[in-house]
Amino acid sequence: MSYLPRDIETQLKTAAGHFPAVILTGPRQSGKTTLLKHLFLKTHAYVSLDDPGIRLMAAKEPALFFENFKPPLIIDEVQYAPHIFPYLKLIIDKKRKIRGNFILTGSQLFPLMAGVSESLAGRAALFTLLSFSLLERSRGKNEFSFNRLKRLLFSGGFPDAALSAPKLLNTWFSSYIQTYLERDVRQLRQVGDLSDFQRFLQLIAAVNGQILNLSSVSRDLGVAVNTIKAWISILEASGQVFLLKPFYINKGKRLVKNPKLYFLDTGLLNYLLGLESSGQVFKGPAAGQMLETAALGEIIRKAYNNGQLPRVYYWRTSYGEEVDFIIEERTKLVPVEIKLSANISAAAAKAAVSFIDLFPEKVDKGYVVSFSEANVRLTDKIQVVSFSDFVNRK
């Protein structure tokens, strides 16, 4: 299988030239190890704490671990041995001027960040790698027709899934969830009945793109609200879902304050929804949310690939006006509406116009993203753009 370049590569190489350590986190199977080996294996040794013997050495005898594995070094799945972080700090501080001496990966953000905040603050640059973006999969073919987009979204962006035969997708995602349950859920929180968690995954897939109601999920599953909170935190920490928070400035109107939940990989989402072919991707009552999920995924990946945290929200008033996404770009706000249609009228921008009326000095431009073939201007600040143009925008 040939290597597909990742958009984050330049940022990682630049950071390795300025920081003693670089940390790459993200969901399992998003391509972290392949990427780092591609970028650094010519200059760095490699060790994985997935190996039980090496993991035990790192956890019980960190000094011996670093005697056996000397920098420059790639350490894979470093969260398995949090006791090595103080030793990393000592080694880095002794040779502070050496840049890129350690390249670390981790798939569980909670334990990883605990070690970083205690020992490596100011010494490490932190990045997140999600599954392939649409642009990364496109290999220069950056036009996304309706049918082509359906095919890409059906398989999602996990490298092994995206590049495998469609008939193998169900097997791949089934195995992925089982491995994920065994490794992450059991390690981050004891789960008495894994079947409850599997039903939970299917339930939140069904409410993807909607405002999260913990009490409703709790009632439907017969599981305590605190348990639901913990499970969602695990999904968030391991890069499976994104909680889109409401945009709120205390100005004018009272806003809904609960987040929306979106899956970060459409292939996993489609598997949990039980979709059997790409032809089903934009059918049914959740079709609009699927396109929203695709657009949001690209917004988030663009931020992460530039070494930034995503600054994106939704806006909704208590009486129903709603803008799908509000993107913060420097000091400006960009309202974005996503419409699964090729025919767009001025009514599609009504909520965005209301938002701009509240914050006129903050908004220079806004978009209605659709499958329209013509990019037209609805107002002096709001333009209709194709999904392709939105994804390709700088």
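General observations
- Mean Cβ count within 10 Å, highest first, over the residues of peptides 98-104, 285-291, 142-148, 171-177: 98-104, 285-291, 171-177, 142-148
- Remark: relative contact order (the range 1-102) = 35 percent; criterion is Cα-Cα distance under 8 angstrom and separation of 6 or more residues.
- Cα lying deepest toward the dipole's positive end in the chain, options Y176, A121, L296, charges on Cβ: A121
- Average accessible area per residue (Å²) across the range 11-64 - probe 1.4 Å, nucleic acids and ligands excluded: 47
- Long-range HN-HN contacts of G366 with modeled amide H, under 5 Å: I382, Q383
- The lysines within cross-link reach of K13, meaning a Cα-to-Cα straight distance under 28 Å and a gap of 8 or more places when in the same chain, are K32, K37, K42, K70, K89, K94, K95, K97, K141, K302, K394.
The values are calculated or read from the model by the stated rules, or taken from the named source; none is laboratory data. Values in this document were obtained by computation on a predicted structure and should not be read as measured data. As a convention, Cβ positions derive from the backbone with ideal geometry for all residues, glycine included, and neighbour counts pool all protein chains shown. Note: accessible area is taken over every heavy atom of the protein model, side chains too, but ligands, DNA and RNA are not part of it. Shrake-Rupley method; radii C 1.70, N 1.55, O 1.52, S 1.80 Å.
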